[in-house]
Amino acid sequence: AGARSAAAAVGTQPTRAMAPKKMQISQEAFDEAVRENMDEFDMDEEEAVNSAIEEFKAQGVSLAGIVKSFGAKRDQHPIVLATKTIEDFLAAGNGKQALDDAEAILAAAKEIRDAVSSNEDLALASKSGTLEAVIASCAALKEQPAVTAKLLSLVSALLAVNATRELFIRSGGVHVVCGLLKEYPDDRELQRAAMAVVAAAC
């Protein structure tokens, strides 16, 4: 079941010549295969996901970096919910956070850190705006170096996969971290956290 959508997705994105037998699909293609299984083959969500996984694997497709949770399971994942919490605080504070907001943001950041246990979790974070939200928090809370140092430790953890390293550059992470390094040259905790980010981003 679902072979038609899986086959269509596979035909569009070959991997590098170094591994010609391995194919890579997009998150959108995987999600579409799951939807087709549900709509055309009357599968429930879990069955549709499992069927899509089996079909792609049977065709030699790499599912690395693909989030395999779907629908409500994905939307209600702790990483997604905690990211939304941070985004809401940033939006409400117009980029300038009070101490009360800092504590709430740190609590949400801890929820994200606790929820990251696999590459799939990191993939979900990269697709949910998590890194961008945490970097924006670092910028908004730069006057609170102890808080910012803790947020930077989460940034380091999120940079364990290539997708988030690219996001780090695109979302202004380099500018934020370099600014913190210059602003707090004598803060050892922040300096260590920031240099750990630099090392993880390389």
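No lab work stands behind these numbers, since they all come straight from the coordinates. This structure is a prediction, so every number in the text was calculated from the model and none was measured. Using ideal geometry, Cβ is built from the backbone for each residue, glycine included, and neighbour counts are taken over all protein chains shown.
About the Cα centre, and with charges only on the beta carbon of Lys, Arg (+1) and Asp, Glu (-1), how big is the dipole of the chain? Nearest 20 debye, please.
Charge dipole of the chain: 1040 debye, to the nearest 20.
With θ set to phi - 60° and the Karplus curve 6.51 cos²θ - 1.76 cosθ + 1.60, what are the ³J(HN,Hα) couplings of the stretch 52-62 in order, to the nearest whole Hz, using x for Gly and Pro?
Whole-Hz 3J(HN,Hα) from phi for the stretch 52-62: 4, 4, 4, 5, 5, 5, 4, 9, x, 8, 7.
What is the Cα radius of gyration of the stretch 55-177 over 2.2 N^0.38 Å, N being its residue count?
1.10
Here are some pairs, Lys127/Lys150; Lys142/Lys182; Lys68/Lys110; Lys84/Lys182; Lys57/Lys127; Lys84/Lys110; which of them have Cα atoms lying more than 18 Å apart in this structure?
Violating the 18 Å limit, Cα to Cα: Lys127/Lys150; Lys68/Lys110; Lys84/Lys182; Lys57/Lys127.
May I ask you to compute the full-extension gain from Asp42 to Leu81, defined as 0.36 nm times their residue separation minus their alpha-carbon distance, rounded to one decimal in nm?
Here the segment from Asp42 to Leu81 would lengthen by 11.1 nm.
Calculate the FRET efficiency for Lys22 and Asp88 from the Cβ-Cβ distance with a Förster distance of 41 Å, rounded to the nearest 0.05.
For R0 = 41 Å, the calculated efficiency reads 0.55.
Given the Cα atoms of the stretch 126-178, and with Rh set as the inverse mean 1/r over their pairs in the Kirkwood sense, what is Rg to Rh to two decimals?
So for the stretch 126-178, dividing Rg by the Kirkwood Rh gives 0.94.
Using a simple spin-label model with points 7 Å from Cα along the Cα→Cβ vector, what separation in nm is obtained for Leu181 and Leu63?
So the two model labels end up 3.9 nm from each other.
Pop a pseudo-label 7 angstrom from the Cα along the beta-carbon direction at both Ala160 and Lys73 and give the gap in nm to one decimal.
Inter-label distance under the simple model: 2.1 nm.
When the helix-only estimate is applied to the chain (DSSP H runs of n ≥ 4, each -39,500 (n - 2.57), divided by the residue count), what is the mean residue ellipticity at 222 nm, nearest 500 deg cm²/dmol?
-21500 deg cm²/dmol
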